[in-house]
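The block underneath contains the structure these notes are about, expressed in structure tokens.
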Amino acid sequence: MFISDERAILEPHNDIIATALVVIGFVIFAAVMSKAYLTYDEQSSSIENYEEASRIAESVASWDELRGSRPDIISAKELDLIAEPITDAEMHKRFFGKFTSNNHFSVDIRTDDGKYHWEIKKEEYPETGNLIAASIPIIIETTPAQHITGTVTVRTWGHQW
């Protein structure tokens, strides 16, 4: 009876309920979209950091100054020099000079049998944030007659642009 009355009396706030439902729907939609965007952004950042770590590992494995008797082999003697910046500070500086100063990473080279291990760090960085690692297989020449398989692992974390 109240709805069919034509004397220009307003209906009891039907538009407020409809508006509230639209606003609630929009807020839920915005929350879902922002969560999806944040997840996408985090995943794409992780993928970019992994690709960067992989490129650094490839660059380390193919660096001419670490070359052994053949181009596809890394010399353990050269690794000894570069892993200890006190021994050969110039070579250590040249190694990290190949990369931008915004790259915070460390290189870990070890043989599969566990007998040899080299850790190359520019300086001590606080390993905070999203740590990403990439590894590639290599061959290490310990003596001219002995070659051992191993891996180059590069760990990257946080950029300071």
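Observations on the model:
- Residue ID - farthest from Asn103 (Cα to Cα), chosen from residues in the range 114-161 that are modelled with pLDDT of 75 or more and of a type in the set (Ser, Thr, Tyr): Thr143
- Looking only at the range 82-111, and only at residues there that are assigned to a helix (DSSP H, G or I), modelled with pLDDT under 80 and among the aliphatic types (A, V, I, L, M), the one that is farthest from Thr142 (Cα to Cα): Ala89
- Qualifying positions in the range 90-111 - exposed (fewer than 13 other Cβ atoms within 10 Å of the Cβ) and in contact (Cβ under 8 Å) with a residue 12 or more places away in the chain: Lys98, Asn102
- Just so you know, in the range 71-89 the residues that are farther than 12 Å from Trp118 by Cβ and touching a residue at least 60 places away in the same chain (Cβ under 8 Å) include one that is least open to solvent (accessible area, probe 1.4 Å), and it is Ile73.
- Within the range 123-139, residues that are open to solvent by 40 Å² or more (accessible area, probe 1.4 Å) have Cβ atoms under 6 Å from residues that are of a type in the set (Phe, Trp, Tyr) and modelled with pLDDT of 65 or more in these pairs: Glu127/Trp157; Gly129/Trp157; Leu131/Trp157, counting only partners at least 6 apart in sequence or on another chain.
- Tally, over the range 29-47, of residues that are open to solvent by 100 Å² or more (accessible area, probe 1.4 Å) and farther than 27 Å from Ile132 by Cα: 1
- Of the residues making up the range 33-70, those that are in contact with an Asp or Glu (Cβ under 7 Å, 6 or more places away or on another chain) and either touching a residue at least 60 places away in the same chain (Cβ under 8 Å) or part of a loop (DSSP other than H, G, I, E, B) (or both) are Gly68, Ser69.
The values are calculated or read from the model by the stated rules, or taken from the named source; none is laboratory data. All of these numbers come straight from a predicted model, not from anything done at the bench. Glycine gets a Cβ as well: all are built from the backbone with ideal geometry, and neighbour counts include every protein chain shown. SASA here: full protein model, heavy atoms, side chains in, ligands and nucleic acids out. Shrake-Rupley method; radii C 1.70, N 1.55, O 1.52, S 1.80 Å.
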